[in-house]
Amino acid sequence: MSDKGYILKEADLHPLSIGAALLGTGGGGNPYIGFLRAREVFRQGATVPVIPLEVLTQDDWVGEVGGIGAPVVSAEKFEQGDEGTRALAAVESELGIEVAAMISGEIGGANAMEPVITAAKLGIGIVDGDGMGRAFPEVQMCTFFIYGGGVAPAAIADEKGNVVVYKHVIDMFWLERMARHTTVDMGATAMLALPPMRGDFVQKTAVPATVTQAVHIGRTVLKARKARKNVVETVVEETGAKLFFTGKITDIRRHLVGGFARGEAILSGLGDWAGSEAKIAIQNENLVLWVDGVPVLMVPDLIVNLELDTGEPLTTEVLRYGQRLAVIGLPAHDLLKTEKALEIIGPKAFGYPDLTYNPLEGKAK
Amino acid sequence: MIRIGIDVGGTNTDAVVMDGTTVIAGVKAATTGDVMTGVVNALKAVLEASKMEASAIDVVMIGTTHFTNAVVQRRDLAKTAAVRLGLPATASLPPMVDWPEDLKVAIGGVGYLAHGGNEFDGRVISPIDEAELLGIAEDIKSKGINTIAITSVFSPVTNDFEKQAGEIFAKALPGVHITLSSDIGRIGLLERENAAIMNACLRDLSKHVIEAFRKAITETGIKGRFYLTQNDGTLMDAEFAEKFPVLTFASGPTNSMRGAAFLSGVADAIVVDIGGTTSDVGSLHKGFPRQATVAVEVGGVRTNFRMPDVFSIGLGGGSHVVETGGAIKVGPTSVGYRIVTEALIFGGTTLTTSDVVVASGRYDLGDKSKVAHLTPDFIARTQARIMSMLEDCVERSRLSPDPLPVIVVGGGSILVDGPIGGLEVIKPNHFAVANAVGAAIAQVSGEVDRVYALAEIGRDQALADAKERATEAAVAAGALRSSIEIVDVEDVPLAYLPGNATRVRVKAVGELHVG
């Protein structure tokens with residue numbers, strides 16, 4: 001591959017984890033453990049080239065690994081360290097190939113770190129892009145699958161050395177079902193390698209430059225904190241995010257539906273929004289924002305809750321009565337807005353048949 | 001039962017004598033470098049004020065920040081070995097991986113990874129390997145370390161491996177201090193391990209400090225038993241506290257909130273503790289402080305302690321009051337303990353919040369004539385600023401729209417005038433020594449945090465099992481069985497796990513059993 005791009009260094013990992021948490025739009029899992037693991041590998045001397053999409057060629061294979069399991073378990077039984085490379089090796093040997101670079105299926109949250117760790121161990125690069133540009137609750141809600149990527153061979157590896165390869169799988173739903181089952185047998189945490197993709201396919205289907213975006217957001221947050229500047233304002237000024245509401249949570253309702261945490265938060269306005277009321281619909285991630293009954297932001301655009309004073313991105317499970325939030329929006333990439341994509345990740349797909357996707361650009365003040 | 005409550009803070013050592021539920025006397029003394037002298041002084045003063053004989057005291061309860069400060073200041077910490085059982089799992093992150101370098105250096109920073117550990121459902125990750133542990137023991141011995149923290153994966157679900165490893169080390173290294181993580185923390189390996197290591201490195205100091213407390217009590221002629229308060233507002237006896245010094249972390253704010261609940265007789269409220277420099281605001285639920293949901297850092301180390309969720313602002317009785325460009329600014333700078341020489345009313349040259357309160361005529365303190373020049377308009381605007389600062393942090397601590405009362409305690413309580421944000425304000429008697437009262441009334445608790453597969457045993461049975469375990473833990477800690485109440489039940493379904501795996505946390509609390 002070419003000499004374009006740049007080298008990801010140890011000092012970039014903390015910003016990357018902060019940016020990934022923000023792009024998680026309330027879900028995606030906590031990147032803290034992944035950040036520490038990546039840092040350990042980098043401290044042993046690894047560096048990882050970040051490869052822009054445009055330099056990928058048809059001859060390159062790109063690998064994808066991600067954590068699968070229950071977040072509460074991964075906070076207790078975290079990785080041995082080589083699960084990702086073992087799962088990847090299994091799909092490589094199945095296809096008789098070697099990948100030239102890694103990519104994240106989901107930049108938002110914990111899975112931003114996994115390709116970095118695997119690439120660092122293998123001495124290869126990561127692609128500057130991912131399959132969502134944010135976080136979504138299900139594996140198939142990824143541009144690679146929306147635009148026809150394969151689902152086999154896939155492989156799942158645990159910390160003990162067990163590797164299960166899925167040679168033939170009819171669709172993503174079956175892969176998800178079988179992989180989840182195996183994950184539980186493996187102790188509820190494992191690493192899943194998805195089928196490696198050709199460089200030209202990744203070039204066409206990946207959400208571009210999201211690693212760079214996450215690092216930039218993280219650096220912006222850290223810089224503002226260090227200078228004791230208002231983090232929310234700085235993020236809005238420097239990252240292309242727009243402020244849609246500031247307010248205090250006055251009610252929060254949650255229920256578990258089919259293994260997913262659904263709910264809604266009601267906010268009463270503060271500052272410029274005093275006197276207004278907002279509602280945020282949640283399913284693992286933030287789905288829709290209404291202000292005074294009008295839907296102003298919705299999936300696939302990114303809806304991010306930042307703690308008003310510290311600018312800390314808040315995951316949906318820590319939202320509670322009395323919290324003061326700034327709700328910011330970031331536009332989703334065009335790949336997430338096609339008719340085909342909206343069928344899977346638009347407001348209707350998440351159970352809002354009355355909402356027609358209305359993109360973010362140019363709507364905020 | 002006659003009891004003495006003591007709160008050993010960074011600046012003051014407060015003490016109260018209580019007869020049952022009545023506060024007989026309360027005093028403040030200066031904290032001393034050796035701790036013991038300050039405690040002796042406070043004990044003597046409070047006995048004198050209460051006109052009680054030392055022999056009449058049944059129990060002494062002590063809340064202390066000494067161990068927190070030792071970690072924060074990196075002093076008096078023992079060289080410690082951290083042993084984790086879980087291989088091959090968790091090998092990617094060694095013990096103390098996220099510690100500040102200076103603290104790691106201060107305790108020697110020696111970590112070992114060994115086989116052992118369990119899955120979330122109790123299955124074994126790998127069996128324990130005695131030869132491996134004996135090899136580690138040999139290495140620990142050669143490094144001259146005498147305190148070990150043992151952490152096994154999923155030990156909150158089953159701690160057999162930690163116990164087994166503890167026995168192996170105890171046999172191989174006679175006299176060594178052993179801390180098991182399952183005795184201290186809950187699910188979340190790094191945070192629990194961090195807490196266990198911090199506990200282990202405080203074991204030499206705890207021996208010394210507990211001995212100092214014991215001597216102070218004996219010197220004043222008190223024969224009763226003594227206890228230390230934990231971060232959740234409950235007690236541990238001196239022997240237990242010597243083994244688990246880390247459990248005293250954050251007992252200060254807990255004691256003041258518990259004291260506030262007791263003195264006011266209100267169990268559900270917002271508590272505002274106003275000192276000289278800061279105000280701490282938290283919320284009380286059933287007489288106990290609501291706990292923080294996020295990881296709490298102590299001395300730069302992430303832990304998952306049960307810490308009260310307290311919000312602090314720079315507003316106190318010594319806060320500077322400045323008018324710039326027509327706007328009044330209060331705090332965060334403060335004259336602190338120098339208020340007795342620097343505030344206007346005490347002949348100083350700095351305008352403080354206490355001066356404004358005295359000028360308003362609501363409280364009589366010092367020399368009133370020194371603040372006669374303050375205009376009614378200035379006084380009113382300063383009061384409004386103070387109240388809006390308090391309203392802001394009270395709002396943050398509200399958990400529901402229900403109108404809860406606000407209990408105001410601490411030496412700076414005189415700042416509060418009228419309701420805060422429309423909420424009724426209660427200023428109980430003895431508000432200045434609420435923290436020592438909180439220590440005196442502390443109860444005894446037991447807690448469990450386990451993952452149950454509800455598909456196998458059902459929710460009711462799981463909750464009953466957890467309650468039973470929590471109750472037994474409380475009895476083991478010294479609670480009177482007949483007084484035990486379950487104060488907290490939380491069951492959280494774990495997303496992405498089949499079999500309805502649910503994490504259940506239960507806490508039981510009872511009165512101290514004396515005799």
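If both residues of a DSSP beta bridge must be in the stretch A:86-208, then about 75% of such bridges are antiparallel.
Helix B:36-50 axis versus longest C-alpha principal axis of chain B: approximately 50°, rounded to the nearest ten.
Please label the shape of the protein assembly as shown as rounded, prolate or oblate, based on the square roots a ≥ b ≥ c of the eigenvalues of the alpha-carbon gyration tensor (a/c under 1.5 means rounded; beyond that, a/b larger than b/c means prolate, else oblate).
It is oblate, given that a/c is not under 1.5 and a/b is not larger than b/c.
Take the eigenvalues of the Cα gyration tensor for the stretch A:215-336, scale each by 5, and report the square roots as semi-axes in whole Å, largest first.
On the way: eigenvalues 101, 58, 42 Å².
In descending order, the three semi-axes are 23, 17, 14 Å.
Annotation for the stretch B:162-219 versus the stretch B:19-65: alpha-carbon center distance of 28 Å. Between 0 and 90 degrees, the angle of helix B:203-219 with respect to the longest Cα principal axis of chain B falls at about 50 degrees. With 18 Å as the limit on Cα-Cα distance, the pairs of A:Lys77/B:Lys507; B:Lys44/B:Lys223; A:Lys9/A:Lys226; A:Lys9/A:Lys121; A:Lys121/A:Lys223; B:Lys79/B:Lys141 that go past it are A:Lys77/B:Lys507; A:Lys9/A:Lys226; A:Lys121/A:Lys223.
When only DSSP loop residues count, what trypsin sites (Lys or Arg not before Pro) in the stretch B:39-118 have their Cβ near at most 10 other Cβ atoms within 10 Å? Those that pass, being in a loop and sparsely packed, are B:Lys51, B:Arg75. Straight-line cross-link partners of A:Lys279 among the lysines, defined as a Cα under 26 Å from its Cα and at least 8 positions apart when in the same chain: A:Lys242, A:Lys248, A:Lys337, A:Lys348, A:Lys363, A:Lys365. Ranking B:Gly331, B:Val39, A:Ile345 by Cα position along the charge dipole of the protein assembly as shown, where only Lys, Arg, Asp and Glu carry charges on their C-beta atoms, puts B:Val39 farthest toward the positive end. Compared with the dominant Cα axis of chain A, that is its longest principal axis, helix A:10-23 is turned about 50°.
For the listed peptides B:445-452, B:157-164, a ranking on the average number of other beta carbons within 10 Å per residue, highest first, reads B:445-452, B:157-164. Shielding of peptide A:32-38 by partners, expressed as the average count of other chain Cβ atoms within 10 Å per residue Cβ, is 3.
Compute the distance from the alpha-carbon center of the stretch A:4-66 to that of the stretch A:172-199, in whole Å. Between the Cα centre of the stretch A:4-66 and that of the stretch A:172-199, the gap is 20 Å. From least to most packed, judged by other beta carbons within 10 angstrom and beginning with the fewest, B:Met389, B:Met18 follow the order B:Met389, B:Met18. For the residues of B:82-92, the average number of beta carbons from a partner chain within 10 Å of their own beta carbon is 5.
Dipole magnitude for the protein assembly as shown: computed about the Cα centre from +1 point charges on Lys and Arg Cβ and -1 point charges on Asp and Glu Cβ, it is near 1580 debye. Neighbour counts of C-beta atoms inside 10 Å place B:Thr22, B:Thr229 in the sequence B:Thr22, B:Thr229, starting with the fewest.
Each part gets one Cα centre, and for the stretch B:73-148 versus the stretch A:74-124 those centres are 27 Å apart. The base-10 log of I(q)/I(0) for the stretch B:363-513, evaluated at q = 0.10, 0.21 Å⁻¹, reads -0.63, -1.19 [Debye formula, identical scatterers on Cα atoms, solvent excluded]. When chain B is described by a simple charge dipole with +1 on each Lys and Arg Cβ and -1 on each Asp and Glu Cβ, the residue from B:Asn194, B:Ala56, B:Ile145 located farthest towards its positive end is B:Ala56.
The aspartates and glutamates within cross-link reach of B:Lys215, meaning a Cα-to-Cα straight distance under 15 Å and a gap of 8 or more places when in the same chain, are B:Asp34, B:Glu239, B:Glu242.
Express the relative contact order of chain A as a whole percentage, based on alpha carbon pairs under 8 Å and six or more residues apart in sequence.
19
Here the peptides B:467-480, B:119-132 are ranked by packing, the mean other Cβ count within 10 Å, and the order with the highest first is B:467-480, B:119-132. Mean per-residue shielding of peptide A:66-73 is 5, counting Cβ atoms of other chains within 10 Å of each Cβ. Beta bridges assigned by DSSP with both partners in chain B are antiparallel in approximately 65 percent of cases. Partners of A:Lys167 within straight-line reach, counting aspartates and glutamates whose Cα lies under 15 Å from its Cα and excluding those fewer than 8 residues away in the same chain: A:Glu92, A:Glu94, A:Glu176. Multiplying the residue separation of B:Lys143 and B:Arg338 by 0.36 nm and subtracting their alpha-carbon distance yields 65.5 nm. For chain B, what does the alpha-carbon gyration tensor say about shape, rounded, prolate or oblate, given a ≥ b ≥ c as the root eigenvalues, a/c under 1.5 as rounded, and a/b over b/c as prolate? Taking the square roots of the gyration eigenvalues as a ≥ b ≥ c, chain B is prolate.
Any read-out appearing in this document is the output of simple, stated calculations on the displayed coordinates, not a laboratory observation. Nothing here was measured: the structure is a model prediction, and the numbers come from that model. With ideal geometry, Cβ positions are generated from the backbone for all residues, glycine too; neighbour counts draw on all protein chains shown.
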